[in-house]
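The values are calculated or read from the model by the stated rules, or taken from the named source; none is laboratory data. Only a predicted model underlies this, so the values are computations on that prediction, with no experimental measurement involved. FYI the Cβ positions are ideal-geometry reconstructions off the backbone, even for glycines, and counts take in every protein chain you see.
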Amino acid sequence: MLHILWILLKIILLIVGIALGLLLLCVLLVFFCPVTYRGTGSYQNKKPEASAKVSWLFHILTFQFEYREETSVFQVKILGISADRYQSLLGRLKRRKKISLPPQSEEAPKETVPFSEAVKEEAKQEEKSPEKSAEPVKPEPVRNKKREEKKKKEKTGIFSRIRKKISDWKRTWKGLGRQISWWRTFLEQEQIQEALRFLWSEIRDLLKHISPRHLSGYVRFGLEDPSLTGAVLAGLGITCPIHKNRLEIRPVFDETVFEAQAKVSGRIFGVFLIKILLSVYFNKNVKYMIKRWNQKEG
C-alpha cells in the first residue's frame, strides 16, 4: 500500500514540476525574448510607400503593415498563418457541426386560443382603433407670447448682463492666479524637482532602448529659393546626434525636389520595461509627487 502511495506521490510531484517548469519558461520568454521590429519607407515620384513588421517569440506572432498605391494592408500571423485563415477554418467547422445535427421532424404543438378570448381581443382592438374614437381633440389654449417676452426682458436687463460678465471674468482671473501660484509652489519643492529629474532620466533610457539599432537611408530635397534650402540644411544638421550620420542628406540648389528612403530595425526587451516600471513605482520622490497631485485633484 505504501509503495503505491509513493508512486502516486512521485507522479503528482512530476506533473507539478513540469507545470512549474513550463510556467517559468513562459515567464522567461515574455521577459527575455525581445520584440523585434523592421520598417521601410520611401517617397519617390510623389508616391509614398511604407511597410512595417513586428514579431515576437521567434516569429511565432507577427504583425505586418503595408501601404502602397493609396491602399493599406494589415495582417496578423500566428506560426506563419494569417488570422483570416484561422477564422475561415473555424467557420467551416461550425458549418459542419450544423449540417451534422439531425433535423427536427416533430414540430412543436401550436398553442390554441379559446374562442371567447379571441372575441374579447378583437373587441379591444376595435375600441383602440382611431376610426371609432370620435372624441374631438381640444386645442390647447394659446398663451400671450408678447407678455412673456416683455417679462423676460425686464428680468434680464443690460446692466445685469454686464455685471454678470464682470463677475465671471473676476472668477476666471482668480482661478488662474490660484493655479499659477499652486504650480509655482509645486515645482519649487526639492522632492518634486528630484522626481522630475529621475523621470526624465528614465524616459531618456527608454528612448535609447527602443530606438532603432540599424538605420540607413537618404533625404534628397531642394526648394525654389537656394537660401531656404541652406536654412533647412542647417536645421537638419541638428539631427545628426540622433541618427549619427546614418541618414544621408543630399541638398539640391538648382531644382525643386523631395525624395526620401529609409530602413530601420530594432528590438525591445520586456525585462527592461519591467525594470523601469519597478524603479518608478518604488521611487520615494515620485510617490510624493503623486500624493501632492492627488491632494490638488481632491
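Tell me, yes or no, whether region 217-224 has at least one residue that is in a helix (DSSP H, G or I) and not basic (Lys, Arg). Show your work before the answer.
Here is the first cut: in region 217-224, the ones in a helix (DSSP H, G or I) are none.
No, the conditions are met nowhere in region 217-224.
Taking region 231-245, which residues are surrounded by fewer than 15 Cβ atoms within 10 Å (Cβ to Cβ) and under 28 Å from SER55 (Cβ atoms)?
Result: ILE242, LYS244.
Assess whether LYS10 counts as being part of a strand (DSSP E or B), surrounded by 10 or more Cβ atoms within 10 Å (Cβ to Cβ) and among the basic types (Lys, Arg).
Values: part of a strand (DSSP E or B): no; surrounded by 10 or more Cβ atoms within 10 Å (Cβ to Cβ): yes; among the basic types (Lys, Arg): yes.
When the stated conditions are applied, LYS10 does not pass them.
Give the residue, chosen from PHE74, PHE32, that is exposed (fewer than 13 other Cβ atoms within 10 Å of the Cβ), in contact with a helix residue (DSSP H, G or I) (Cβ under 9 Å, 6 or more places away or on another chain) and modelled with pLDDT of 80 or more.
On the way: PHE74 fails: in contact with a helix residue (DSSP H, G or I) (Cβ under 9 Å, 6 or more places away or on another chain).
That would be PHE32, the only listed residue that is exposed (fewer than 13 other Cβ atoms within 10 Å of the Cβ), in contact with a helix residue (DSSP H, G or I) (Cβ under 9 Å, 6 or more places away or on another chain) and modelled with pLDDT of 80 or more.
Report whether or not LEU57 is closer than 30 Å to VAL264 by Cα and touching a Cys at 6+ places or on another chain (Cβ under 7 Å).
Taking the combined requirement at face value, the residue satisfies it.
Considering each residue of region 30-63, count those that are part of a loop (DSSP other than H, G, I, E, B) and more than 26 Å from LYS275 (Cβ to Cβ), and give that number. Reasoning before the result, please.
Within region 30-63, the first condition is being part of a loop (DSSP other than H, G, I, E, B), and the residues that meet it are 33-34, 45-46, 57-60.
From what is left, the residues that are more than 26 Å from LYS275 (Cβ to Cβ) are 45-46.
The number of residues fulfilling the criteria is 2.
Would you please name the residue that is modelled with the lowest pLDDT, looking only at residues in region 58-71 that are out of contact with any Asp or Glu (no Cβ under 9 Å at 6 or more places or on another chain) and surrounded by 13 or more Cβ atoms within 10 Å (Cβ to Cβ)? Working first, answer last.
The initial filter retains those residues of region 58-71 that are out of contact with any Asp or Glu (no Cβ under 9 Å at 6 or more places or on another chain), namely 58-65, 70-71.
From what's left, surrounded by 13 or more Cβ atoms within 10 Å (Cβ to Cβ): 60-65.
Numbers: ILE60: 86, LEU61: 89, THR62: 92, PHE63: 93, GLN64: 92, PHE65: 93.
Taking the candidates together, the pick is ILE60.
Does region 247-265 include one or more residues that are surrounded by 14 or more Cβ atoms within 10 Å (Cβ to Cβ), hydrophobic (A, V, I, L, M, F, W, C) and closer than 30 Å to ILE290 by Cα? Don't jump to the end; show me each part of the working.
Quick first cut of region 247-265, residues surrounded by 14 or more Cβ atoms within 10 Å (Cβ to Cβ) only: 247, 249, 251-252, 259-265.
After this cut, where a residue has to be hydrophobic (A, V, I, L, M, F, W, C) as well, the list is 247, 249, 252, 260, 262, 264.
Filter once more, keeping what is closer than 30 Å to ILE290 by Cα: none.
No, because not a single residue in region 247-265 is surrounded by 14 or more Cβ atoms within 10 Å (Cβ to Cβ), hydrophobic (A, V, I, L, M, F, W, C) and closer than 30 Å to ILE290 by Cα.
Across region 233-262, what is the number of residues that are assigned to a strand (DSSP E or B) and charged (D, E, K, R)? Break it down stepwise before answering.
Pass one, region 233-262, residues assigned to a strand (DSSP E or B): 247-251, 257-262.
Checking the rest, the ones that are also charged (D, E, K, R) come to 248, 250, 259.
Looking only at that region, the number is 3.
Does PHE258 satisfy being in the same structural domain as LEU278 (by TED's automatic domain parsing) and touching a Lys or Arg at 6+ places or on another chain (Cβ under 8 Å)? Show your work before the answer.
Working: in the same structural domain as LEU278 (by TED's automatic domain parsing): yes; touching a Lys or Arg at 6+ places or on another chain (Cβ under 8 Å): yes.
For PHE258, the condition - in the same structural domain as LEU278 (by TED's automatic domain parsing) and touching a Lys or Arg at 6+ places or on another chain (Cβ under 8 Å) - is met.
Can you tell me which residues in region 53-89 are touching a Phe, Trp or Tyr at 6+ places or on another chain (Cβ under 6 Å) and farther than 24 Å from PHE31 by Cβ?
Once the filter is applied, which keeps residues that are touching a Phe, Trp or Tyr at 6+ places or on another chain (Cβ under 6 Å) and farther than 24 Å from PHE31 by Cβ, region 53-89 yields PHE65, PHE74.
State which residue is nearest to LEU29 (Cα to Cα) when the search covers only region 238-270 and only residues that are within 29 Å of the chain's Cα centre (by Cα), at pLDDT 90 or above and of a type in the set (Val, Ile, Thr).
ILE268
For region 263-287, name all the residues that are more than 30 Å from GLU190 (Cα to Cα) and not in a strand (DSSP E or B). Before you say what the answer is, go through the steps one by one.
If we filter region 263-287 for residues that are more than 30 Å from GLU190 (Cα to Cα), which is where we start, we get 263-271.
PHE269, GLY270, VAL271, listed by residue number.
Name the residues in region 262-283 that are in contact with a Lys or Arg (Cβ under 9 Å, 6 or more places away or on another chain) and either over 16 Å from PHE32 (Cβ atoms) or of a type in the set (Val, Ile, Thr) (or both), would you?
LYS263, VAL264, SER265, GLY266, TYR281, listed by residue number.
With respect to SER105, is the statement that it is more than 30 Å from PHE32 (Cβ to Cβ), at pLDDT below 80 and either touching a Pro at 6+ places or on another chain (Cβ under 6 Å) or among the hydroxyl-bearing types (Ser, Thr, Tyr) (or both) true?
Details: more than 30 Å from PHE32 (Cβ to Cβ): yes; at pLDDT below 80: yes; either touching a Pro at 6+ places or on another chain (Cβ under 6 Å) or among the hydroxyl-bearing types (Ser, Thr, Tyr) (or both): yes.
So SER105 passes the test.
Quick one: which of PHE74, PHE32 is of a type in the set (Phe, Trp, Tyr) and under 23 Å from the mean Cα position of the chain (by Cα)?
Details: PHE32 fails: under 23 Å from the mean Cα position of the chain (by Cα).
Only one candidate passes the filter, namely PHE74.
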